[in-house]
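Trainee: So that we are looking at the same thing, I have put the structure below in structure tokens.
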Amino acid sequence: MREAWVIGAASNRFGKMPETGREAATRVALEAIRQSGLEPKDIGYTFVSNCFGLTEKQGHVGPLINGGLGIPEVPSCTIESACSSSSAALHEAFVHVAGGFTDAALVVGVEKLSHLDTLTATSYFAEAADYAFETKNGATFPGLYATLANAYQKAYPMAPEVLGSVAIKNHANAARNPHAQFQKEISMDTYLRSPMIASPLRLYDCCPFSDGAAAVVVAAKEFVRHPVTEPLVIRASARSGSITEMQDRPDLLGLPATRTAAEKAFRQAGMEPKEIDFLEVHDCFTIAELFALEDLGFLPRGTAGRAEVEGVTARDGKLPVNPSGGLKAKGHPVSATGASQVVEIFEQFNGLAKGREVPRTETALAHNVGATGGSCSVHIFSRR
Amino acid sequence: MRPRPPTFTKFRDVQAEIDRSGAAIFRDADGVESLVIRYPYSINYIHSYAEDSAFFLGLSEGKLRGSRCRRPKCRFVFATPRGNCMVCGAPTEWVDLPTVGRVHSWTTCHFGSEAFLKETPYNLAMVEFDGVGSLLLVRLKDAVESDLYVGMPVRAVFDPNPKYSITDIWFVPDR
Ligand SMILES: CC(C)(COP(=O)(O)OP(=O)(O)OC[C@H]1O[C@@H](n2cnc3c(N)ncnc32)[C@H](O)[C@@H]1OP(=O)(O)O)[C@@H](O)C(=O)NCCC(=O)NCCS
Ligand SMILES: [Zn+2]
């Protein structure tokens, strides 16, 4: 296996984009390639994620993006794994590059949803659940995660301020991230007064619906003679799955796919959680950030809430979590999310995360979940 | 010939104009203008319940059916029907489930997808049954948010006008 590096990573501002998904994807892809010091013709394979592309009546976007990059002859394919799509695409790029099939690969994740109203988007999103048994019964993603939150709350009682502290921290980080959808801080009072969406989850516990695009360039170490950026060495690229329907799982106190993906990743990297400097984790709902910290092995079960309240996960804390603002406040353009976590880590490593720097940037971990945990990706990066 | 559609800088206004006249121009923060129109999109999907058919037919006869693994050493019982055992992969057979159970976890949805919006707030519950290894996701009626708790006894109600959908069954507090 060859060493694979991330040498370029770019994102647009999440929120609402006027252009089509494929135009936005082409734009961020060009930016990531330019930043990497490569030329579009150096790309050997393009892996695209665009879960909800069909809501734009547009499938098969890979060749359209490659056409826009001036490399129509380059192969492409679309990788779908719900909210973990572009980290799944990154994994494919890693496999191709590390395995010696391609010297450089492009990963592009893009989603355009603002042309749908909240109702339509909620209905589309719910289709990533089990349609006949969950969606048709009124289950929404906030509803499913709320059910997990209540099960966790029963086992480890917590005050509403615990989840609130996750939202406040992630909004504070997003306020310093030019890619973020919500560049504003919120107070505990705002959090507590926000409307209930699915109890115990309030508006500010939820990620929003977002448009957005993010791209990552992965290349073999030996192909990049003179890196023009500080590369992220991919120390681990691990994926895992679990029973997707929560009703069939042995317990509801976290996400089993995160546990197994993390075990694989730490084994691959030959590292332990205490060697990781900061994390980008999948906080589609605030409760999911607590699950991530516990399931990834950073904190014992039932203790993540206290760590959040005590500021351990703040940007200047012992273990900074989601310095980008996370899905909660940076936004969650489903298929762009996994790639955008890598953009944050890339910017932190390259001194580009102005105003939201974390203290140590030797190593980082990215954690991306598909739906309610049917799929999970964990990537570990370090400096050269 | 058609006059140029009006220009807006807020996407909400663009959407309203499209509702009115079918077209609008959006000007972004960089001053770039795009013509915006509507593509209608609607699908009527013909769905086969296939191996889950007996479950939905059961609901229409007032029966709640689950699946039991056929492998003698496993015999895991699923409240949500599964053609094959998720523990060991062996084929399953149909069993009648109890119609009383307990709330394992729950939520009250104050917002929902289109089909459920008019019912908000509505409750969802994961129900556990004695002798059954997995849970069933159901709607819980005749109870408000403050009534709900983990461990609450509940019983099944079947829709007298079944539509062959999971909504043909719901649960209520078993008082
Ligand atoms: C929570 C939710 C229902 C809110 O939708 P909504 O009520 O239609 O919100 P609107 O778009 O009308 O926005 C109302 C205001 O709240 C803000 N807002 C919307 N969602 C927000 C969120 N999640 N967090 C913070 N603010 C939010 C909007 O910016 C808007 O502010 P403005 O009036 O100043 O412009 C919706 O964002 C949601 O369902 N999120 C979850 C998405 C999801 O399930 N993703 C998959 C995860 S696995
Ligand atoms: Zn079995």
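The values are calculated or read from the model by the stated rules, or taken from the named source; none is laboratory data. This is a predicted model, so every value here is computed, not measured. Glycine gets a Cβ as well: all are built from the backbone with ideal geometry, and neighbour counts include every protein chain shown. Side chains included, ligands, DNA and RNA excluded: accessible areas come from the protein's heavy atoms. Shrake-Rupley method; radii C 1.70, N 1.55, O 1.52, S 1.80 Å.
Trainee: Could we say that B:R139 is under 22 Å from the mean Cα position of the chain (by Cα) and of a type in the set (D, E, K, R) here? Show your work before the answer.
Mentor: Working: under 22 Å from the mean Cα position of the chain (by Cα): yes; of a type in the set (D, E, K, R): yes.
Judged against the criteria, B:R139 is a match.
Trainee: Given A:F133, A:F101, which one is within 11 Å of chain B (Cβ to nearest Cβ) and touching a strand residue (DSSP E or B) at 6+ places or on another chain (Cβ under 9 Å)? Let's see the steps before the verdict.
Mentor: Details: A:F101 fails: within 11 Å of chain B (Cβ to nearest Cβ).
Checking each option against the conditions leaves just A:F133.
Trainee: Here is a follow-up. Of the residues B:V103, B:V87, which single one is at pLDDT below 95 and closer than 27 Å to A:A155 by Cβ? Even if it seems obvious, please write down each step before you answer.
Mentor: On the way: B:V103 fails: at pLDDT below 95.
Only one candidate passes the filter, namely B:V87.
Trainee: On to the next question. Do we find that A:V228 is in a loop (DSSP other than H, G, I, E, B) and surrounded by fewer than 18 Cβ atoms within 10 Å (Cβ to Cβ) in this structure? Before you say what the answer is, go through the steps one by one.
Mentor: On the way: in a loop (DSSP other than H, G, I, E, B): yes; surrounded by fewer than 18 Cβ atoms within 10 Å (Cβ to Cβ): yes.
So A:V228 fits the description; yes.
Trainee: Right, here's the next one. Of the conditions (1) open to solvent by less than 30 Å² (accessible area, probe 1.4 Å); (2) within 30 Å of A:A307 (Cα to Cα); (3) of a type outside the set (V, I, T), A:N137 fails just one. Which one is it?
Mentor: With respect to (1) open to solvent by less than 30 Å² (accessible area, probe 1.4 Å); (2) within 30 Å of A:A307 (Cα to Cα); (3) of a type outside the set (V, I, T), A:N137 is out only on (2).
Trainee: Here are some residues: B:A29, B:A24, B:A50. Which one is among the small types (G, A, S) and within 25 Å of B:Y164 (Cβ to Cβ)?
Mentor: Details: B:A29 fails: within 25 Å of B:Y164 (Cβ to Cβ); B:A24 fails: within 25 Å of B:Y164 (Cβ to Cβ).
Testing whether each residue is among the small types (G, A, S) and within 25 Å of B:Y164 (Cβ to Cβ) leaves just B:A50.
Trainee: Could you list, in sequence order, all residues of the stretch B:142-155 that are facing chain A (nearest Cβ under 9 Å) and buried (at least 16 other Cβ atoms within 10 Å of the Cβ)?
Mentor: Restricting attention to the stretch B:142-155, the residues satisfying the condition of being facing chain A (nearest Cβ under 9 Å) are B:145, B:148-151.
Once the filter is applied, which keeps residues that are facing chain A (nearest Cβ under 9 Å) and buried (at least 16 other Cβ atoms within 10 Å of the Cβ), the stretch B:142-155 yields B:L148, B:V150.
Trainee: Sticking with this structure for a sec: Which condition breaks for A:T260 when tested against (1) within 25 Å of A:I79 (Cβ to Cβ); (2) touching a Phe, Trp or Tyr at 6+ places or on another chain (Cβ under 8 Å); (3) among the β-branched types (V, I, T); (4) not in a loop (DSSP other than H, G, I, E, B)?
Mentor: Unmet condition: (2).
Trainee: Is at least one residue of the stretch B:56-66 away from ligand 2 (no atom under 16 Å from the Cβ), part of a loop (DSSP other than H, G, I, E, B) and free of Cβ contacts under 8 Å to residues at least 12 places away in the same chain? Let's see the steps before the verdict.
Mentor: Keep residues of the stretch B:56-66 that are away from ligand 2 (no atom under 16 Å from the Cβ), which gives B:56-65.
Of the ones still in play, those that are also part of a loop (DSSP other than H, G, I, E, B) are B:61-64.
Okay, now just the ones that are also free of Cβ contacts under 8 Å to residues at least 12 places away in the same chain, so B:61.
There is at least one residue in the stretch B:56-66 that is away from ligand 2 (no atom under 16 Å from the Cβ), part of a loop (DSSP other than H, G, I, E, B) and free of Cβ contacts under 8 Å to residues at least 12 places away in the same chain.
Yes/no per residue for (1) within 16 Å of ligand 2 (Cβ to nearest atom); (2) outside any helix (DSSP H, G or I); (3) more than 24 Å from the chain's Cα centre (by Cα); (4) at pLDDT 95 or above:
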position: A:C77; (1), (2), (3), (4): no, yes, no, yes
position: A:A88; (1), (2), (3), (4): no, no, no, yes
position: A:V110; (1), (2), (3), (4): no, yes, no, yes
position: A:S114; (1), (2), (3), (4): no, yes, no, no
position: A:Y152; (1), (2), (3), (4): no, no, no, yes
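Trainee: Within the stretch A:169-181, does at least one residue satisfy the condition of being in a helix (DSSP H, G or I), open to solvent by less than 40 Å² (accessible area, probe 1.4 Å), within 14 Å of chain B (Cβ to nearest Cβ) and within 14 Å of ligand 1 (Cβ to nearest atom)?
Mentor: Step one: list which residues in the stretch A:169-181 are in a helix (DSSP H, G or I), which gives A:169-174.
With the extra rule that they be open to solvent by less than 40 Å² (accessible area, probe 1.4 Å), the set shrinks to A:169-174.
Remaining after also requiring within 14 Å of chain B (Cβ to nearest Cβ): none.
No, there is no match, as no residue in the stretch A:169-181 is in a helix (DSSP H, G or I), open to solvent by less than 40 Å² (accessible area, probe 1.4 Å), within 14 Å of chain B (Cβ to nearest Cβ) and within 14 Å of ligand 1 (Cβ to nearest atom).
Trainee: Please work out which residue is nearest to ligand 1 (Cβ to nearest atom), limiting yourself to the stretch B:67-86 and to residues that are part of a loop (DSSP other than H, G, I, E, B) and surrounded by fewer than 18 Cβ atoms within 10 Å (Cβ to Cβ).
Mentor: Here is the first cut: in the stretch B:67-86, the residues part of a loop (DSSP other than H, G, I, E, B) are B:70-76, B:79-83, B:85-86.
Filter once more, keeping what is surrounded by fewer than 18 Cβ atoms within 10 Å (Cβ to Cβ): B:70-75, B:83.
Working: B:R70: 35, B:R71: 35, B:P72: 39, B:K73: 37, B:C74: 32, B:R75: 34, B:G83: 27 Å.
Per the criteria, the residue is B:G83.
Trainee: With the checklist (1) loosely packed, with under 15 Cβ neighbours inside 10 Å; (2) within 11 Å of chain A (Cβ to nearest Cβ) in hand, flag the one item B:I25 doesn't pass.
Mentor: Every condition holds for B:I25 apart from (1).
Trainee: Still on this model: Restricting attention to the stretch A:19-49, report how many residues are open to solvent by 10 Å² or more (accessible area, probe 1.4 Å), more than 20 Å from A:E347 (Cβ to Cβ) and in a loop (DSSP other than H, G, I, E, B). Let's see the steps before the verdict.
Mentor: Taking the stretch A:19-49 as the starting set, the residues that turn out to be open to solvent by 10 Å² or more (accessible area, probe 1.4 Å) are A:19-20, A:22-23, A:26-27, A:30-31, A:34-35, A:37-42, A:44-45.
When the remaining residues are screened for being more than 20 Å from A:E347 (Cβ to Cβ), the result is A:19-20, A:22-23, A:26, A:39-42, A:44-45.
Restricting the remaining residues to those that are in a loop (DSSP other than H, G, I, E, B) gives A:19-20, A:39, A:44.
Of the residues in the stretch A:19-49, 4 are open to solvent by 10 Å² or more (accessible area, probe 1.4 Å), more than 20 Å from A:E347 (Cβ to Cβ) and in a loop (DSSP other than H, G, I, E, B).
Trainee: Could I ask something else about it? Yes or no: B:L135 touching a Leu at 6+ places or on another chain (Cβ under 9 Å), free of Cβ contacts under 8 Å to residues at least 12 places away in the same chain, within 13 Å of chain A (Cβ to nearest Cβ) and not small (G, A, S)? Even if it seems obvious, please write down each step before you answer.
Mentor: On the way: touching a Leu at 6+ places or on another chain (Cβ under 9 Å): yes; free of Cβ contacts under 8 Å to residues at least 12 places away in the same chain: no; within 13 Å of chain A (Cβ to nearest Cβ): yes; not small (G, A, S): yes.
Considered against the rule, which asks whether it is touching a Leu at 6+ places or on another chain (Cβ under 9 Å), free of Cβ contacts under 8 Å to residues at least 12 places away in the same chain, within 13 Å of chain A (Cβ to nearest Cβ) and not small (G, A, S), B:L135 comes out as no.
Rundown of residues vs (1) buried (at least 21 other Cβ atoms within 10 Å of the Cβ); (2) within 15 Å of A:G143 (Cα to Cα), yes/no style:
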| site | (1), (2) |
| --- | --- |
| B:E128 | no, no |
| B:L135 | yes, no |
| B:L140 | yes, yes |
| B:V157 | no, no |
| B:D168 | no, no |
| B:P173 | no, no |
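Trainee: Exactly one condition in (1) among the aromatic types (F, W, Y); (2) outside any loop (DSSP other than H, G, I, E, B); (3) open to solvent by 30 Å² or more (accessible area, probe 1.4 Å) is not met by B:F111; state its number.
Mentor: It is condition (2) that B:F111 fails.
Trainee: Quick one: in the stretch A:196-225, of everything that is away from every other protein chain (no Cβ under 14 Å) and open to solvent by 40 Å² or more (accessible area, probe 1.4 Å), which residue is farthest from ligand 2 (Cβ to nearest atom)?
Mentor: Top of the filtered list is A:R225.
Trainee: Restricted to the stretch B:106-132, and to residues that are facing chain A (nearest Cβ under 7 Å) and in contact with a Lys or Arg (Cβ under 7 Å, 6 or more places away or on another chain), which residue is farthest from ligand 2 (Cβ to nearest atom)?
Mentor: B:Y122
Trainee: Filter the stretch A:116-130 for residues that are in a loop (DSSP other than H, G, I, E, B) and more than 9 Å from chain B (Cβ to nearest Cβ); which is nearest to ligand 2 (Cβ to nearest atom)? Show your work before the answer.
Mentor: First, pick out the residues of the stretch A:116-130 that are in a loop (DSSP other than H, G, I, E, B): A:116-117, A:127-130.
Filter once more, keeping what is more than 9 Å from chain B (Cβ to nearest Cβ): A:116, A:127-129.
Numbers: A:L116: 41, A:E127: 29, A:A128: 27, A:A129: 24 Å.
Ranking the candidates gives A:A129 first.
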